[in-house]
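Input: a single structure, listed below in C-alpha cells.
What follows is calculated from the coordinates using simple rules that are stated; it is not laboratory data. Fair warning: this is a prediction, and the values are worked out from it, not measured in the lab. Cβ placement follows ideal geometry from the backbone for every residue including glycine, while neighbour counts extend to all protein chains displayed.
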Amino acid sequence: MAAVPLRRPLDAETVVVPVGQVFVIPERCKGCRFCIEFCPEQVLVESDRMNAKGYRYPVVADGKERACVNCGFCRLICPEFAIYTEEIR
Amino acid sequence: MSGEIYVQAHPVDHLVRADRLPHIWCPGCGLGSATACFASAMVDSGLPLDKQVVVSGIGCTGRVAGYLNVDSFHTTHGRAIPFAIGLKLANPELQVTVFSGDGDMFAIGGNHFLHAARRNVDLNVVCINNFNYGMTGGQFGPTTPLGARTTTTPHGNAEPPFNLVHVASSLGAVFVARWTVLHIRQLHRSMLRALDKRGFRFIEVLAPCPVGFGKSNDIGEGLDEMWFYRRQCVIDPETDLAQATIEMKHDSRIVLGDFVDIERPVFRPSGWEE
Ligand SMILES: Cc1ncc(C[n+]2csc(CCOP(=O)(O)OP(=O)(O)O)c2C)c(N)n1
Ligand code: SF4
Ligand code: SF4
Ligand code: SF4
Ligand SMILES: [Mg+2]
C-alpha cells in the first residue's frame, strides 16, 4: 500500500507547543487515576510511595519531564484539587 | 529537568473552602470533578465572585454549595430551585446557579424544575446525574435506567427513566446540554456558555457513583465508568432529543452535546415594574 502522507497543520512550523510544569498536593489525592489514565500526553504515573491515607498520587513518568503540554485537563478533572500545571515555555 | 513539584495549595483554593478538604466524596466519585470544573468556570466567566451564588438541595451533590467559597445555601431536599427563584427575584443582579442531584431535582423537586423551566426563570441549573440516590445508600430514582440494579431494584428497575435533556428542552429551557465529567473541557466550555446567557439554562452532567451505581451494574469503579463514557458516548448537538434516553448498557450509546441555545422572554412576576 502506498504511504499516505501524515496530515500536518499548515502552521506547524511556527506554533510553539507549550511545556507545563506539574504540581501535586499528595495529601489530597484519593487515587482515582483520572489524571493518570486520561492525560493526553501520558505524562503521569502512580507514585511508588503512598500518602498518609494509603493512596498513590500521580508523579511525572521518567523521561516525560518535558512532555506536559499544559493543556489543563488534569487540573479540571481532578476531583480533589490535588494537581495542576503551569506553563514554563 | 525535574518532574513534579510538591506543593500545599491549588490555584482555585480561594474558590473552595480548602479548610474542608479533603471532601466527603468517595474515591472515584465524579462530583469533585464537576465541582472543580464549575469553580474554574466561575472564575473564567469574568463575573465578580460576589455576584455569583450557588444553591444546592440535599444529597451528595447537595454538598457542592458547602464546598464553594461564595455565598451559597444548602436548602432542604428538593427545594433548591424555589429558594434560588426567591434569591434571583429579590436580587436580580445575582448570577444564581442551582447545583443538585438527579433525585433532589427530579424526584422530590421535580415539580419546581418543571415550572421554573416553563416560566424561563433566570437560573443556571446544573444537575449531576449519577442514576441513583447516592447519599442514602444507592436507591433507584427517576433517572435510573430501565433494568438497572440498585438497592431498591435488586431484580432490575422496571420504570422508564426521565430523559432530562428532553424534559428541559420541551419546557422551553433556553440552553440545554449534556456532558460527562470525563468530557471536562467540553463541560467547562458549556458552563461558560450557560453563565453567559439569561433565562433557564440546564446542563446535565453524568458522573460516576461507583458505590451506589457502578459496582452493581457491571460498570465497576469510578475509573471504569470513565472508560465506559469514553467508549459509549457520541457527541451530536443536532440529535433528536426525544431519542436521547440513557440506557447505561455496554452496547448502547450516550448522546452528548450543547443541544439547545435559544432566546425567550425571561420570567418576571406579573405586575412587576420594569
Ligand atoms: C424530605 C426528605 N426526604 C428524604 C430525604 C433523604 N434523602 C437524602 S439525600 C436523598 C436523595 C439524593 O439523591 P440525589 O439528589 O440523586 O443525590 P446524590 O446523593 O445521588 O448526589 C434522599 C432521598 C431527606 N433528606 N429529606
Ligand atoms: S496539563 Fe495536560 S498534558 Fe500536562 S499533565 Fe495535565 S493532562 Fe497531562
Ligand atoms: S485525579 Fe486527583 S485524586 Fe485522582 S489520582 Fe489524580 S491527583 Fe489523585
Ligand atoms: S455515594 Fe456516590 S455520589 Fe455519594 S460521594 Fe460516594 S460515589 Fe459520590
Ligand atoms: Mg443522584
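If you take every DSSP beta bridge whose two residues both sit in chain B, what share of them, in percent to the nearest 5, is antiparallel?
Within chain B, antiparallel bridges account for around 20 percent of the total.
For chain B, which DSSP H helices look membrane-span-like by this rule: Cα extent along the axis of 30 Å or more and mean Kyte-Doolittle of at least 0.0?
none
Could you tell me how far the Cα centroid of region A:39-89 sits from the Cα centroid of region B:38-93, in Å?
So the separation of the two Cα centres works out to 30 Å.
Evaluate peptide A:31-43: per residue, the Cβ atoms of other protein chains within 10 Å of its Cβ; return the mean as an integer.
Partner Cβ neighbours, averaged per residue: 4.
Using only the Cα atoms, what convex hull volume per residue in Å³ does chain B have?
About 137 Å³ per residue, rounded to a whole number.
Pairs of Cα atoms under 8 Å, at least six residues apart: use those to get the relative contact order of region B:156-274, whole percent.
32
Can you report the principal axis dimensions of chain A using only the alpha carbons, biggest first, rounded to whole angstrom?
54, 33, 23
Report the far tail of the P(r) of the protein assembly as shown, meaning the percent of Cα-Cα pairs longer than 26 Å.
Value for the protein assembly as shown (Cα pairs over 26 Å): 51 percent.
Residue-wise, which Karplus ³J(HN,Hα) couplings in Hz belong to region B:253-269, taking 6.51 cos²θ - 1.76 cosθ + 1.60, θ = phi - 60°, and x for glycine or proline?
Running phi through 6.51 cos²θ - 1.76 cosθ + 1.60 with θ = phi - 60° gives 8, 10, 8, 10, x, 8, 8, 10, 8, 10, 10, 7, x, 7, 4, 9, x Hz.
Looking at region A:1-56, which GluC sites (Glu not before Pro) are DSSP coil and have at most 15 other C-beta atoms within 10 Å of their C-beta?
Sparse-neighbourhood loop GluC sites (Glu not before Pro): A:13, A:41.
Does region B:32-176 come out rounded, prolate or oblate, given a ≥ b ≥ c as the square roots of the eigenvalues of its C-alpha gyration tensor, rounded meaning a/c under 1.5 and, failing that, prolate meaning a/b above b/c?
The shape class here is prolate.
In whole percent, what relative contact order does region A:19-88 give with Cα contacts below 8 Å and a gap of six or more residues?
47
Tell me the mean residue ellipticity at 222 nm calculated for the protein assembly as shown from its helices only (DSSP H runs of n ≥ 4, each -39500 (n - 2.57), averaged over every residue, nearest 500).
After summing the helix terms and dividing by the residues of the protein assembly as shown, the value is -6000 deg cm²/dmol.
So how many Lys-Lys pairs in the protein assembly as shown land under 28 Å Cα to Cα, not counting same-chain pairs under 8 apart?
Close lysine pairs under the 28 Å cut-off: 10.
So what is the relative contact order for region B:27-262, in percent, with contacts set as C-alpha pairs under 8 Å and at least six apart?
Over region B:27-262, the number comes to 19 percent.
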